[in-house]
Number of protein chains: 2
Amino acid sequence: MNISRRRFFGHSVAGAAALVSIPSIVSGVISKRETAGNYSLIKKSDVILFQGDSITDAGRDKEKELPNNPKSFGSGYAFHIASTLLNDLPGLELTLYNRGISGNKVYQLAERWKKDCLDLKPDLLSILIGVNDYWHLRKGEYDGTVTVYENDYRALLQHTKEHLPDVKLVICEPFAVLETSAVDDSWMGPIKEYQVAAKKMAEEFNAVWVPFQKVFDEAIKHAPATYWTGDGVHPSMAGAKLMSEAWLRSVV
Amino acid sequence: MNISRRRFFGHSVAGAAALVSIPSIVSGVISKRETAGNYSLIKKSDVILFQGDSITDAGRDKEKELPNNPKSFGSGYAFHIASTLLNDLPGLELTLYNRGISGNKVYQLAERWKKDCLDLKPDLLSILIGVNDYWHLRKGEYDGTVTVYENDYRALLQHTKEHLPDVKLVICEPFAVLETSAVDDSWMGPIKEYQVAAKKMAEEFNAVWVPFQKVFDEAIKHAPATYWTGDGVHPSMAGAKLMSEAWLRSVV
């Protein structure tokens, strides 16, 4: 047990009285959109697509890539969101896809965008991308800077809007969490730049913004960082559910 | 598109206004326990175990059988419940296992009970078993009757209480849904007998009862049966989430 686990659990009171439930954590840091809670962004027969890297991929089976299928969805935040929407909106005939792929940076989304986005004709498109753009640069495996990230991201979104002018966009904040196996202080300055760039994209393209960083920043006040994400990048079971709650509160 | 899909979707109004959300379906058919909603059954450091057949198994990876791990949990109702509890109760250091195995009948739980239940020392044990006890009998692959089911179930629970006198029990109702690929009218009389036996066990052992049948009966008023379960036994993505909502409302 590491120091932060001891710090947290050492001070917690046994039993249920000491709980702070995470719905209240999320609601404390994300303001509800005026129309949120009534699924105003989602209509009958909508196609909803989740795009991104390993955090979105979450171990999905890439053989068949079926919509509304647990194996094709993996076990991450996208699975929780899709399951919730299918359950909450039984009359709407929604078609939901997960097409996240582990290791992807924004230019790799662009390379597969026709097959994995435009051809699916999403009505709502949710993207979480950026942590590998920084991580792979940091590891010397990639030479794109944050400027490349921003320019590639803008080009991808422009291309998307040209082909799907009515698509509703959701842009999720890339995040990193300290006191975990992969993330240390030296991450936080650079990752902030990617977050600023992603938020700029949300503003330029009138997208819904999902502020994952501040959700994790709040969550780690309630349990050690590794409870939410072992390496600081990939969420645990608790972390994936937390992300889905944040997305749902921000978007629908 | 089959007849029931046309019937449902033909009459639904486009857009969000026509929605009936499933939380309201569940709350319409399951009364909240007086202490429910405050997690009064769950305490710090509790071990929670899900047991059952393929519906609980839900494609879990059986190599490592780790607690609190998405691969070891599969993609069914148990994954949703566990993710929700981990997210909602970050300070409690819960340890959650899924040990459902496809095809199991109640006597097969008994055969692996030491390893897959007693040795894990659960504080809360949730069991969903029974549909194969009927289905395999029906297919001529098994000769146990509903009386065998009840007697085996009672013996299993007595054995459990002898070794774990303080364990809190949750007994889930086996269910079957009409207008699906495997279930027809001839199921409904017999399956009712298994449901009566399971409920009797819940009463004899002072267990929390999760009435899945009436939840599905209500759900199919809002979307075709195959939206919730393709074969009438195994839930879809929507159906698994529906089950988790029913469990959470019944139990915690």
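How many partner chain Cβ atoms sit within 10 Å of a residue's Cβ in peptide A:57-67, on average, as a whole number?
Mean number of neighbouring Cβ atoms from other chains: 1.
Need the list of lysines near A:Lys214 for cross-linking: C-alpha distance under 21 angstrom, and skip anything on the same chain fewer than eight residues off.
Once the sequence-local lysines are set aside, what remains near A:Lys214 is A:Lys32, A:Lys192, A:Lys199, A:Lys200, A:Lys241.
Using Cα pairs under 8 angstrom and six or more residues apart, how large is the relative contact order of chain A, in percent?
So the answer I get is 25 percent.
Identify, among B:Ser72, B:Gly230, B:Ile171, the residue whose Cα sits farthest towards the positive end of the charge dipole of segment B:33-251, taking +1 on the Cβ of Lys and Arg and -1 on the Cβ of Asp and Glu, with the dipole about the Cα centre.
Farthest towards the positive pole: B:Ser72.
Springs between alpha-carbon pairs under 10 angstrom, Gaussian network model over chain A: which of A:Arg99, A:Arg60, A:Arg138 fluctuates most?
It is A:Arg138.
Between B:Lys115 and A:Glu193, what is the label-point separation in nm under the 7 Å Cα-to-beta-carbon projection?
The two pseudo-label positions are separated by 5.4 nm.
Stokes-Einstein diffusion coefficient for segment A:155-252 at 37 °C in a medium of 0.692 mPa s, Rh from the Kirkwood formula over Cα pairs: what value in µm²/s?
The calculation lands on 228 µm²/s.
Quick check on chain B: of the DSSP beta bridges with both residues there, what percent are antiparallel, nearest 5%?
5
Output needed: percent of Cα pairs per 10 Å distance bin for segment B:33-251, bins running from 0 to the one holding the longest distance.
Taking all Cα pairs of segment B:33-251, the binned fractions are 8, 36, 39, 15, 1 percent.
Subtract the Cα-Cα distance of B:Glu141 and B:Asp231 from 0.36 nm times their separation in residues, and report this length gain in nm to one decimal.
Stretched out fully, the B:Glu141 to B:Asp231 stretch lengthens by 30.5 nm.
Can you pull the one-decimal nm distance between simple spin-label points at A:Val148 and B:Lys200, each 7 Å off the Cα toward Cβ?
Here the modelled spin labels are 7.0 nm apart.
Would you work out the charge dipole size for chain A about its Cα centre, treating the Cβ of every Lys and Arg as +1 and the Cβ of every Asp and Glu as -1, and quote it to the nearest 20 debye?
500
Segment A:43-122 to segment B:89-125: how many Å between their Cα centroids?
31
Can you give the charge dipole size of the protein assembly as shown about its Cα centre, rounded to the nearest 20 debye, using +1 on the beta carbon of Lys and Arg and -1 on the beta carbon of Asp and Glu?
Charge dipole, the protein assembly as shown, about its Cα centre: 500 debye, nearest 20.
Show me, bin by bin at 10 Å from 0, the whole-percent P(r) of the protein assembly as shown based on Cα pairs.
P(r) for the protein assembly as shown, in whole percents per bin: 4, 19, 29, 26, 15, 6, 1, 0.
Nearest 20 debye, what's the magnitude of the dipole of segment B:158-213 about its Cα centre given +1 on Lys and Arg Cβ and -1 on Asp and Glu Cβ?
200
Near B:Met201, within a Cβ-to-Cβ distance under 10 Å, what is the net charge of the other residues, with Lys and Arg +1 and Asp and Glu -1?
Value of the local net charge: 0.
Closest approach to the B-A rotation axis by any Cβ of B: residue and distance in angstrom?
Residue plus distance in Å, as requested: B:Ser75, 3.
Which FRET efficiency value, to the nearest 0.05, is calculated for A:Lys214 and B:Gln158 with the Förster distance at 45 angstrom and r the Cβ-Cβ distance?
The calculated FRET efficiency here is 0.30.
Computed from the coordinates by the stated procedures, all read-outs in this text should not be read as laboratory data. What you are looking at is a predicted structure, and each value in this text was computed from that prediction instead of being measured. So basically every Cβ, Gly included, is an ideal-geometry build from the backbone, and we count neighbours across all protein chains shown.
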